[in-house]
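The values are calculated or read from the model by the stated rules, or taken from the named source; none is laboratory data. Quick caveat: nothing in here was measured; it's all calculated off a predicted structure. As a convention, Cβ positions derive from the backbone with ideal geometry for all residues, glycine included, and neighbour counts pool all protein chains shown.
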Amino acid sequence: YARATAKPAVLICTSGTAVANYLPAVVEASVDHVPVILLTADRPPELRNAGANQTIHQSFIYGNYVRYQCDLPCPTKEISPEFVLTTIDQAIFQAQRSPAGPVHINCMFREPLAPSANDSGHESDLSGLSLWLENSTPYTHYTSADKLLSEDASKSAATAINSSISGLVILGQIRNEIDRQTALAFCRELNWPVAIDVQSGVRFSELSEPFLPFFDQLLLSQKFKESFQPDTIIQLGDRIVSKRLQLFITQLELENYIVVVDHPFRRDESHKVTHRYDLPIAAFCQALAGHLIFAQPHRNMNQAHAQLQKHIAEGFVKSTALTEPCVAHTLPRIAPPESGIFTGNSMPIRDVDMFAGLTKNKLHFAANRGASGIDGNFAAAAGFAAGLQKPVTVILGDLAALHDLNSLHLVSQSEYQFIVILLNNHGGGIFHFLPVAQQNAHFETYFGTPHERNFEQAADMFSLRYANPVNSEEFVSQYQNVVESGESAVIEIFTDRNENVNFHQQLQKEIIARLDG
């Protein structure tokens, strides 16, 4: 929900292990700067450390992963309502200010929990809140100063950029539409090649040169990497998905690596960053607007990318095989306009980043990529749909689906159409891409984690429509039928882990031959 709206999502639970169960969500929200407010019920202080039922140490249970934590004492006449309001307003402010993230309000209660007939006089406790009660504004208004690039810093950045011999722009994870549109304008003014991460929010839209959605695949070619050695990289946005691009950055001899992200934390896997700007992308781009030198087009690169894009598209059209890359390439082209796509981690998000090109229809994208966990993907996607107020399609692997199977209840209750593309290769497919797959006699048991489950009965249990296409044509037709029906559904696609690796490898060989030929 918070990913879709940029407004805090609220989690409410009882005391005990219910609080602990939120930890994966708190970690994800903290690492990926998602505003979340946790309201957790707790027992009164006299029952702490007393062996009372459903009582654990809840204060600071989330450690450094929350931006703010407080204990609200048990309600009494002596507790000022102004204290409660100012405390809550502070928590909400901390959740939304940069760096955004989760906050924890731990609320202690003493029995009896429900008001009794003898309770009286509480109306007088609110006598000083008449203005607050009459409107919907916060009791305490917080205002943050805008972050701006100074004139000297703007000139320094423009000089570094304009003096570059060869440059590359990377659009990483961008969290709001203002930053996205300003970044696109910046890229058009500069005219450097632009690698577009799937989390940028602009991948599923109609763009042309210099935007290169298949830049990751260009890096398969040693010839390309030798011919393109940028001395300056500008990364607008947070972390990227492509390991190939990350490795390419590590191997470059860079004069300037400029990273613009609106939070103070390091984003420097390669340890190459020379300039780190902690401010909104829009502020950075607007400060440099009109001061950039328009670069000559990289005609050879643009031609190579156009040929690659055509080769990939034609390859998936010619083949009827329903592979995991085929799903990643095809889905954005047939998803309803303005709908959402949510991917699981492991291979789904990597395949979408590698094989999904630009689309004519705008789509919204999200993933739990902060800590890249297996937890709660159905639940997160359901919140994404609620925030967008639009249909959402989820691409998820079987292990992630099993891990969050109970959240199919949320899917079935969603007000908006929810289509699950469930890639079932009966185990952990990503490990088959690692050297350990060939070297360990116990690989299948401990890494492959095989199972014999299918999800037809799970779909039936939660009253979800079910389909099981066996080729690419059936996938397209069955997906479109589901969209037209308006019903939520599970579309289960069976794949083979070893065949999936072989398909990726064969596709890479064809791309390398095309680029180096």
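Filter the range 195-207 for residues that are among the small types (Gly, Ala, Ser) and within 22 Å of Ile161 (Cβ to Cβ); which is farthest from the chain's Cα centre (by Cα)? Checked the range 195-207; the qualifying residue farthest from the chain's Cα centre (by Cα) is Ala195. Within the range 352-364, one or more residues are of a type in the set (Phe, Trp, Tyr) and within 19 Å of Cys326 (Cα to Cα). All of Leu85, Leu47, Leu72 fail the test of being touching a Ser or Thr at 6+ places or on another chain (Cβ under 9 Å) and without any contact (Cβ under 8 Å) to a residue 12 or more places away in the chain, apart from Leu47. Here is the figure for the range 334-381: residues that are of a type in the set (A, V, I, L, M) and closer than 22 Å to Ala195 by Cβ total 10. What about Gln309, is it outside the structural domain of Ile161 (by TED's automatic domain parsing) and surrounded by 16 or more Cβ atoms within 10 Å (Cβ to Cβ)? So Gln309 passes the test. Looking across the range 50-59, the residues that are within 16 Å of Thr14 (Cα to Cα) and free of Cβ contacts under 8 Å to residues at least 12 places away in the same chain come down to Ala52, Asn53, His57.
Cβ-Cβ distances below 6 Å connect the following pairs, each with a first residue in the range 205-229 that is of a type in the set (A, V, I, L, M, F, W, C), a second residue that is part of a loop (DSSP other than H, G, I, E, B), and a separation of six or more residues or different chains: Leu207/Leu358; Leu212/Pro193.
Exactly one residue out of Leu388, Leu358, Leu363 is in contact with a strand residue (DSSP E or B) (Cβ under 9 Å, 6 or more places away or on another chain) and either modelled with pLDDT under 95 or not assigned by TED's automatic domain parsing to the domain that holds Leu464 (or both): that is Leu358.
Ile105 meets all of the listed conditions (1) of a type in the set (A, V, I, L, M, F, W, C); (2) closer than 24 Å to Lys7 by Cβ; (3) out of contact with any Cys (no Cβ under 7 Å at 6 or more places or on another chain) but one, namely (3).
Do the conditions hold for Gly373, that is, is it under 21 Å from Arg497 (Cα atoms), surrounded by fewer than 22 Cβ atoms within 10 Å (Cβ to Cβ), touching a helix residue (DSSP H, G or I) at 6+ places or on another chain (Cβ under 8 Å) and not assigned by TED's automatic domain parsing to the domain that holds His33? Taking the combined requirement at face value, the residue satisfies it. Of the residues screened, Phe462 is one that is surrounded by fewer than 20 Cβ atoms within 10 Å (Cβ to Cβ), modelled with pLDDT of 90 or more, over 30 Å from Glu226 (Cβ atoms) and of a type in the set (Phe, Trp, Tyr). Scan the range 341-364 residue by residue and report those that are surrounded by fewer than 24 Cβ atoms within 10 Å (Cβ to Cβ) and in a loop (DSSP other than H, G, I, E, B). Residues satisfying the conditions are Asn345, Ser346, Gly357, Leu358, Thr359, Lys360, Asn361, Lys362, Leu363.
The residues in the range 312-328 that are among the aliphatic types (A, V, I, L, M), in a helix (DSSP H, G or I) and surrounded by fewer than 18 Cβ atoms within 10 Å (Cβ to Cβ) can be counted, and the count is 2. Residues in the range 213-236: is at least one within 23 Å of Ala160 (Cβ to Cβ) and either basic (Lys, Arg) or within 18 Å of the chain's Cα centre (by Cα) (or both)? Yes, that holds for at least one residue. Applying a threshold of 6 Å to beta carbon distances and a minimum spacing of six or more residues, or different chains, the list of pairs starting in the range 259-286 at a residue that is among the acidic types (Asp, Glu) and ending at one that is modelled with pLDDT of 95 or more and outside any loop (DSSP other than H, G, I, E, B) reads Glu269/Gln246. In contact with a Pro (Cβ under 9 Å, 6 or more places away or on another chain), outside the structural domain of Phe211 (by TED's automatic domain parsing), over 20 Å from Ser205 (Cβ atoms) and not polar (S, T, N, Q), is that true of Leu423? In short, yes. Does Val198 satisfy the criteria of being within 26 Å of Gln69 (Cα to Cα), at pLDDT 95 or above and surrounded by 12 or more Cβ atoms within 10 Å (Cβ to Cβ)? Against the criterion (within 26 Å of Gln69 (Cα to Cα), at pLDDT 95 or above and surrounded by 12 or more Cβ atoms within 10 Å (Cβ to Cβ)), Val198 does not qualify.
Of the residues making up the range 20-45, those that are closer than 30 Å to Lys390 by Cα and out of contact with any helix residue (DSSP H, G or I) (no Cβ under 9 Å at 6 or more places or on another chain) are Asn21, Tyr22, Pro24, His33, Leu39. Filtering the range 478-498 to residues that are surrounded by 14 or more Cβ atoms within 10 Å (Cβ to Cβ) and hydroxyl-bearing (Ser, Thr, Tyr) leaves Tyr479, Ser488, Thr495. Checking Val273, Val261 one by one, the residue that is surrounded by fewer than 20 Cβ atoms within 10 Å (Cβ to Cβ), more than 30 Å from Ser472 (Cβ to Cβ) and modelled with pLDDT of 95 or more is Val273 and no other.
If you go through the range 387-397 and keep only what is within 19 Å of Arg3 (Cα to Cα) and outside any helix (DSSP H, G or I), you end up with Gln389, Lys390, Pro391, Val392, Thr393, Val394, Ile395, Leu396. Residue under question is Pro115, and the condition is that it be surrounded by 11 or more Cβ atoms within 10 Å (Cβ to Cβ) and free of Cβ contacts under 8 Å to residues at least 40 places away in the same chain; does it hold? Judged against the criteria, Pro115 is not a match.
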